[in-house]
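Sharing a structure below in structure tokens format, with a few things to ask.
Any read-out appearing in this document is the output of simple, stated calculations on the displayed coordinates, not a laboratory observation. Everything numeric in this text was worked out from a predicted model, so none of it was measured. Note: ideal-geometry Cβ built from the backbone for every residue, glycine included; neighbour counts use all protein chains shown.
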Amino acid sequence: MEKANKSNGEISYWVNLIDLTSVFEGVDFQVVLSIAEKIKTSWNKELNRDYCGYNAQACLIKEEESREIYLTLELKEK
């Protein structure tokens, strides 16, 4: 099993990865990007409010060339 080679942060990153482009298939890239920014902001507010001290944050991944947008959780730098 590959878990031995992966940190908890790496596993969390991939497990929580959401392809918003697929969720909003057929919707304009800029509209999906706007939605993604709002979701990211909301998640980060919730994490800070309910889990203050936990070192996770929402992260937006924007692939301009392929027109794909992803959202995930990642560990904050300490």
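Stokes-Einstein D for the chain at 4 °C, 1.567 mPa s, Kirkwood Rh over Cα pairs, in µm²/s? The partial results should precede the final answer.
Working: Rh = 13.6 Å.
This corresponds to a translational diffusion coefficient of 96 µm²/s.
A further question on this structure: Using DSSP loop states and a limit of at most 13 other Cβ atoms within 10 Å to flag chymotrypsin sites (Phe, Trp or Tyr not before Pro), what is the longest stretch of the chain containing no flagged site?
Details: sites that count: Tyr51, Tyr54.
That would be 1-50.
Take Glu63 and Lys6, extend 7 Å from each Cα along the Cα→Cβ direction, and tell me the distance between the two endpoints in nm.
1.8
To the nearest 10 degrees, how steeply does helix 29-50 sit against the main Cα axis of the chain, on a 0 to 90 scale?
The helix 29-50 is inclined about 30 degrees to the chain.
Before rounding to the nearest 500, sum -39500 (n - 2.57) across all DSSP H runs of length at least 4 in the chain and divide by the residue total; then give [θ] at 222 nm in deg cm²/dmol.
Working: 3 runs with 34 residues, N = 78.
Rounded to the nearest 500, the figure is -13500 deg cm²/dmol.
What nm distance separates the two modelled labels at Lys76 and Ile35, each placed 7 Å from Cα along Cα→Cβ?
Taking the simple label geometry, Lys76 and Ile35 are separated by 2.8 nm.
Under 5 Å between amide hydrogens, which residues at least 5 positions from Asn16 or on another chain qualify, with H placed 1.01 Å from N in the peptide plane?
So Asn16 has HN proximity to Leu73.
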